[in-house]
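Following: one structure in C-alpha cells, then a few remarks.
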Amino acid sequence: MSQGTLFISPSPRCQAAVAIVNHYNLDIEVVNIKSTVCKDFQEKFTLHQVPAFLGPKGLRLTENAAILSYLIDLLPEKDQKLLFGFTPMEKIQVLRWYSIGNSNLFSSIAGNFLMLSGIYQYNKKQVDSNMQTIELYAKFFEERLVDYTYLATENISVGDVQCFSAWAFAFSSICGSEFRKNHPYLVRWFNTVLASPIVSETYADYKLIDEPIKYNPPKKEKKESNKQQQQQKKKDEEPKKESTESNDAAPQKKPKHPLELLGKSTFVLDEWKRKYSNEDTRPVALPWFWEHYNPEEYSLWKVEYKYNDELTLTFMSNNLIGGFFNRLTGSTKYMFGSMVVYGENNNNGIIGAFMVRGQDNVPAFDVAPDWESYSYTKLDPTNEDDKEFVNNMWAWDKPVVVNGENKEIVDGKVLK
C-alpha cells in the first residue's frame with residue numbers, strides 16, 4: 001500500500017522533500033501540480049500551497065518542515081538520527097540550520113529572481129537590499145564552514161539539504177561565478193552536498209551559471225526616423241482634389257482612448273475620488289458613492305490575480321499590485337479601484353474591486369501588458385452581496401473570505 005502522495009511544483013522549496021523520497025526509495029507518489037491535473041490537491045488542500053502531503057487515513061500535511069519530519073520518521077532509526085541528529089543539541093542545530101535555509105535567505109533569493117526575471121515589478125532598491133542580505137548569509141555560512149564540513153553535525157543533515165536547495169536556486173540564477181569565487185568555503189560545502197547520494201539524483205541535471213540573470217526593462221516602441229516622419233507629413237499635407245470646394249475641412253482627431261468615445265458622464269469621477277480621499281470611507285464616502293453611482297455609465301468588477309499559488313512575501317505581492325497600477329496609467333481618467341493583499345507570507349492572495357467607464361472591462365484594462373494575469377467578474381450593484389464586496393474592498397476594514405475562511409487584509413493600493 002502506498003505511503004502517500006507528495007504534491008510539489010518546480011519551486012526550489014519542494015526539492016528537499018523530493019530528495020528524501022528519491023534517495024530512500026519511499027513508496028510515495030510525487031505529483032507535480034503544474035503538469036498534472038490534481039483533483040485531490042485542489043479539493044483537499046484549501047491553501048493550494050506546495051509542498052503538500054496526503055497520507056494514510058486521510059492525513060493532510062502542509063508546510064515543508066512538517067512534511068520533512070513526517071518523511072524522515074518513515075526511515076530506519078539510524079537514518080533518522082543521521083538526518084535529524086543523535087543528541088538533543090544536534091537536533092537543535094539541525095532545526096536551526098533548516099530554518100535558516102527556509103526563511104529570509106530563500107525569500108531574498110526568490111525575490112531577486114522574480115524581479116530580475118520580470119515576473120514581479122522591478123525595484124532596484126529592493127534588489128540591492130536582497131543582495132546585501134544574500135551576501136550577509138554567505139558570510140555567515142563561511143564562518144561556520146571554515147572549520148566544519150557540514151552545517152549542523154558531522155554528517156549531512158536535513159539542515160544541509162534544505163540550505164543546499166536555497167543556494168542551488170541562487171547559484172543557478174542570481175549568483176554567478178564572481179560571487180562563488182568570493183565565497184570558497186560555501187562553494188566547497190555546496191559541491192560536497194551536491195555530490196552526495198542524498199541529493200545527486202534529484203539534482204542530476206543541475207547547472208551553475210557564470211553570469212547572473214540581469215533585468216531587461218520592457219522595450220519601448222521605436223519612433224519613426226525623422227526622414228520617415230517628414231515623408232509622412234508631406235504626404236498628409238498634399239492637397240486633395242475637390243470639384244466644388246477649394247478648402248478642405250480639417251480631419252477630425254481620433255480619440256486618445258477608446259473610452260473617450262463614450263463622452264462625459266453625469267457621474268463625476270474626480271468628485272468621487274476626492275470624496276474617497278478626504279472623507280471617512282464607511283460612514284461618508286461609500287454612502288455618497290451609492291447615491292450618485294450611475295450603472296448605465298459605469299460598471300463594477302471583481303478583479304483577482306490568477307496565480308496566487310506563486311506569491312511569496314506579502315510586500316512583494318503589494319509591489320506586484322503597484323506595478324499593475326503603474327501600467328494602467330493610461331486609463332485612470334476612466335476608472336477607480338482598489339486591490340488588497342490578504343493572508344501572510346508564503347500564503348497570500350490578491351483581489352480587488354474596480355469601477356470602469358462603460359460596460360466592458362477590456363478597454364480600461366488592456367492598456368496594461370499584464371492585464372491577462374487577472375480574472376474579471378462583472379458585479380451587479382443591485383445584488384447586496386456584490387455591493388458589500390465593493391464596500392469591503394474599498395474600506396479595507398473586514399477580512400477577505402476565501403473558501404469560507406477569513407483572511408486578514410495586510411496591504412493594498414488604490415488606483416485613483
Can you name every residue in the range 364-416 that is touching a residue at least 24 places away in the same chain (Cβ under 8 Å), over 18 Å from Thr332 (Cα atoms), among the hydrophobic types (A, V, I, L, M, F, W, C) and open to solvent by 30 Å² or more (accessible area, probe 1.4 Å)?
Phe389, Trp396, Val402, Ile409, Val410
Keeping to the range 274-295, report how many residues are within 13 Å of Phe336 (Cα to Cα) and either of a type in the set (Gly, Ala, Ser) or without any contact (Cβ under 8 Å) to a residue 12 or more places away in the chain (or both).
2
With the condition kept exactly as written, say whether any residue in the range 73-94 is closer than 24 Å to Ser9 by Cα and touching a strand residue (DSSP E or B) at 6+ places or on another chain (Cβ under 9 Å).
yes
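Of the residues Gly352, Gly323, Gly337, Gly343, which is part of a strand (DSSP E or B) and closer than 24 Å to Pro10 by Cβ?
None of the other options fit; the residue is Gly343.
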Taking Ile119 and the conditions (1) under 28 Å from the mean Cα position of the chain (by Cα); (2) outside any loop (DSSP other than H, G, I, E, B); (3) among the hydrophobic types (A, V, I, L, M, F, W, C), which numbered condition does it fall short on, given that it satisfies the others?
(2)
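Among the candidates Glu388, Glu408, single out the residue that is under 27 Å from Glu63 (Cβ atoms), among the charged types (D, E, K, R) and modelled with pLDDT of 90 or more.
Result of the check over Glu388, Glu408: Glu408.
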Within the range 116-124, identify whether any single residue is at pLDDT below 95, open to solvent by 10 Å² or more (accessible area, probe 1.4 Å) and basic (Lys, Arg), and answer yes or no.
yes
Please determine, by comparing only the residues of the range 52-102 that are modelled with pLDDT of 90 or more and in contact with a Cys (Cβ under 7 Å, 6 or more places away or on another chain), which one is farthest from Ser157 (Cα to Cα).
Ile100
Tell me which of these Leu269 doesn't satisfy, since it passes every other one: (1) over 30 Å from Phe7 (Cα atoms); (2) at pLDDT 85 or above; (3) loosely packed, with under 13 Cβ neighbours inside 10 Å.
(3)
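The values are calculated or read from the model by the stated rules, or taken from the named source; none is laboratory data. Source: prediction; values computed, not measured. Cβ: placed from backbone, ideal geometry, glycine included. Neighbour counts: every protein chain shown. When the accessible area is computed, the model is the full protein with side chains, heavy atoms only, and any ligands, DNA or RNA have been set aside. Shrake-Rupley method; radii C 1.70, N 1.55, O 1.52, S 1.80 Å.
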